[in-house]
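Below is one structure, written out as structure tokens, with a few remarks after it.
Read-outs: derived from the displayed coordinates by stated rules, not from any lab. Note that this is a predicted model, so its numbers are computed, not measured. Please note: Cβ atoms are built from the backbone with ideal geometry, for glycine as well, and neighbour counts cover all protein chains shown.
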Amino acid sequence: MLVAAILWVGCAVAIVTAAVRSRHDVGALRIGRRSVAVLYIGAGAAVNAFFLLRGDDYAKFADGAYVRFVRDTWRDVVVPHHHLWIALLIAFELAVGALALLGGRRTQLGYVAAIAFHVALLSFGWGFYLWSVPMAWALSVLLRGELRAATTRPCSAFDQETEHVVAA
């Protein structure tokens, strides 16, 4: 589906760009949060809900996995009950997207979950490395930025005026 691919690539570009800029631009953290939310809610949960409603069974998703356990478990556990498992995936993606938007520790928790998700995707085949490695890196950088922003204390009148930007 072309729309999903455009969403995924657009979100990935925005997330990686926000990560690169986040070290010197506090506004990049806000862009990162919004981009992660769009990726997980729009390009993740909504697209998977569409595929599920359309009748896709996800049977071939793990065919490229280089670990036999992943292929066999997917085929034996997920495929026969794909409605349940994909519904759980959709709920996870909605939660990560919502957490990303909430700020503070909730955003940090969402980023940790998103990083773990991207690391898990690596077991589904070498092709996922092209997506998951840059995304895990960018999410890690954004997480560090969120942690830094949470511990930064204002030390001047100018910082006090702009503190609300860091918290946003």
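Taking region 20-111, which chymotrypsin sites (Phe, Trp or Tyr not before Pro) meet the DSSP loop condition and have no more than 15 other C-beta atoms within 10 Å? Sites meeting the loop and neighbour criteria: Tyr66. Counting every other Cβ atom within 10 Å of each residue's Cβ, Thr107, Thr151, Thr17 order from fewest to most as Thr151, Thr17, Thr107. Could you pull out which residues in region 20-45 have an amide N less than 17 Å from a spot 7 Å beyond the Cα of Val13, following the Cα-Cβ vector? Those under the cut-off are 20-21, 31-32, 35-36, 38-39, 43. Comparing Gly55, Gly103, Gly27 in a Gaussian network model of the chain, where Cα atoms under 10 Å apart are tied by springs, the biggest mean-square fluctuation is seen for Gly55. Would you mind calculating the relative contact order of the chain from Cα pairs under 8 angstrom and at least 6 residues apart, reporting the percent as a whole number? Reported as a whole number, the value is 28 percent. Residue separation of Ala4 and Val20 scaled by 0.36 nm, minus their Cα-Cα distance, works out to 3.3 nm of gained length. For the chain, the Kirkwood estimate of the hydrodynamic radius, built from every pair of different alpha carbons, is 17.0 Å.
Taken along the Cα-to-beta-carbon direction at a fixed 7 Å, the label points for His83 and Leu102 span 3.0 nm.
Full extension of the chain between Asp57 and Leu109 gives 15.7 nm of extra length, using 0.36 nm per residue less the Cα-Cα distance.
Placing unit charges on the Cβ atoms of the charged side chains and taking the dipole of region 2-167 about its Cα centre, the candidate lying farthest along the positive direction among His81, Ala150, Asn48 is Ala150.
Scanning the chain for trypsin sites (Lys or Arg not before Pro) lying in DSSP loops with no more than 15 further Cβ atoms inside 10 Å, the longest uninterrupted stretch between such sites is 61-168.
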